[in-house]
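The values are calculated or read from the model by the stated rules, or taken from the named source; none is laboratory data. Please read these numbers as outputs of a predicted model, since none were measured by experiment. Reconstructed Cβ throughout: ideal geometry from the backbone, glycine too, with neighbour counts over all protein chains shown.
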Amino acid sequence: MNVLVTGGTGYIGSHTVVELQQKGYDVFIVDNLCNSHLGVIDAIEAITGIKPHFSKIDLCNAASVKDFFVRNRIDAIVHFAALKAVGESVEQPLKYYHNNITSLINLCQYAGEFSVKDFIFSSSCAVYGEPDYVPVDEKHPVKKAQSPYGATKQICERILSDIAVTGALSTISLRYFNPSGAHPSVLIGELPLSEPNNLVPVITRTAAGKRKEMVVFGNDYDTPDGTCIRDYIHVKDIAVAHISALERLREKKNKERFEVFNLGTGRGYSVLEVISCFEKVTGKKLNYRIGTRREGDVSKVYSDNKLSNAVLNWKATEPLEQMLLSAWEWEQKI
Ligand SMILES: NC(=O)c1ccc[n+]([C@@H]2O[C@H](COP(=O)([O-])OP(=O)(O)OC[C@H]3O[C@@H](n4cnc5c(N)ncnc54)[C@H](O)[C@@H]3O)[C@@H](O)[C@H]2O)c1
């Protein structure tokens, strides 16, 4: 079975490609390398022994997307490709709306024309905005997004659910919480082209001396220690969930043509708790200071994962300590 993985040289995409190949799927990666490296293809091959097919294509270019489908027979799509920096999306909203929405529209257009029915979408807990309650479950309303990035995920989900009504596509939208850590082989991990914004790579880069210090964005939130609370989940656990979602669609076990599932551990950690856990497991002291709040951040969000546990028959397995250790191992290698 041929699976198109967009954004497959990126962080979560590359880990998912490995899981798909290990399950016997033939993987076709499409990526424009705007935030990843071609070397990831060799790293994937080093792990699985199989080189994934690769096409360097900007999904915003409709003609190139069409050409890809003309040349390759595709049975299912896992769509990771997107821009994801919350802060940058606040500064450059149009760049985010253009990239994330145009690429989805092009993909859906040609998936329809080439009779591809099964679609997995990378969504985010950002769709919940500042949640009314935590842990947040899938029934929680989609509230005003705190950033243009979050809004692109809401809009893409809306587009996919509207297409589902026509019967053209069946989608499972996976709402990731905070993916962290690296592959146990330490051959792939988070390797963005620009300075990372997510907490864990900022911590590891600071510990490695690649940054002089790190800033904790605000300690005046309504949380026990005043810093933001998030649900950190190992990237390998996220990757494995895509196999369950894909099998659900292939076996036609989905109850609706558009379904959503949270992918989180169900446990929230504050920024200061993550820093302290990192210091404990690595023995490294972090040079951090408290700064002002960052635009686009919600105070606390962590998942209710009962639905994905029960319906996808999936469970996050790796604890925070393991995520931080593997991220640290990876940081020392790159
Ligand atoms: N990492 C997170 O914290 C997180 C959390 C929630 C959701 N997500 C979502 O998961 C998906 C994957 O995230 P990631 O962390 O692996 O990011 P990433 O930047 O490592 O990977 C995304 C990949 O998409 C590619 N890409 C972007 N725009 C493209 C375009 N127009 N055409 C072709 N390729 C394009 C990039 O080059 C990159 O390789 C994204 O949709 C992201 O929004 C990520």
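Residues in the range 53-95 that are of a type in the set (A, V, I, L, M, F, W, C) and touching a His at 6+ places or on another chain (Cβ under 8 Å): CYS60, VAL78. Considering (1) among the hydroxyl-bearing types (Ser, Thr, Tyr); (2) closer than 20 Å to LEU199 by Cα; (3) not in a helix (DSSP H, G or I), the lone condition that TYR149 does not fulfil carries the number (3).
Looking only at residues in the range 1-22 that are part of a strand (DSSP E or B) and buried (at least 24 other Cβ atoms within 10 Å of the Cβ), the one that is farthest from the ligand (Cβ to nearest atom) is VAL3. Being more than 9 Å from the ligand (Cβ to nearest atom) and crowded, with 23+ Cβ neighbours inside 10 Å: is that true of ILE163 here? No: the conditions fail for ILE163.
If only residues of the range 61-85 that are hydrophobic (A, V, I, L, M, F, W, C) and over 17 Å from ILE29 (Cβ atoms) are counted, the one that is modelled with the lowest pLDDT is ALA85.
If the condition is being of a type outside the set (Val, Ile, Thr), in contact with a helix residue (DSSP H, G or I) (Cβ under 7 Å, 6 or more places away or on another chain) and under 26 Å from VAL3 (Cβ atoms), then the range 97-108 contributes ASN100, LEU104, ASN106, LEU107, CYS108. Of the residues in the range 250-281, how many are crowded, with 20+ Cβ neighbours inside 10 Å and either closer than 24 Å to CYS156 by Cα or among the β-branched types (Val, Ile, Thr) (or both)? Residues flagged as crowded, with 20+ Cβ neighbours inside 10 Å and either closer than 24 Å to CYS156 by Cα or among the β-branched types (Val, Ile, Thr) (or both) within the range 250-281 amount to 12.
Just name the residue that is surrounded by the most Cβ atoms within 10 Å (Cβ to Cβ) out of those in the range 47-85 that are within 15 Å of the ligand (Cβ to nearest atom) and assigned to a helix (DSSP H, G or I). Step by step, filter the range 47-85, then rank; the result is VAL65. For the range 86-116, filtering for residues that are away from the ligand (no atom under 13 Å from the Cβ), among the aliphatic types (A, V, I, L, M) and modelled with pLDDT under 95 leaves 1. The strands (runs of 3 or more DSSP E) found wholly in the range 170-220 and carrying at least 3 residues that are under 23 Å from TYR128 (Cβ atoms) and at pLDDT 95 or above occupy 170-176, 178-180.
Taken over the range 23-44, residues that are within 18 Å of GLY181 (Cβ to Cβ) and part of a helix (DSSP H, G or I) amount to 3.
Residues are listed down the side, and each one gets a yes or a no for (1) farther than 19 Å from ASP225 by Cα; (2) within 20 Å of the chain's Cα centre (by Cα):
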residue	(1), (2)
LYS253	yes, no
VAL271	no, yes
THR282	yes, no
LEU286	no, no
ARG289	no, no
VAL298	no, yes
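May I ask you to verify whether VAL90 is crowded, with 17+ Cβ neighbours inside 10 Å and in contact (Cβ under 8 Å) with a residue 24 or more places away in the chain? It is false that VAL90 is crowded, with 17+ Cβ neighbours inside 10 Å and in contact (Cβ under 8 Å) with a residue 24 or more places away in the chain.
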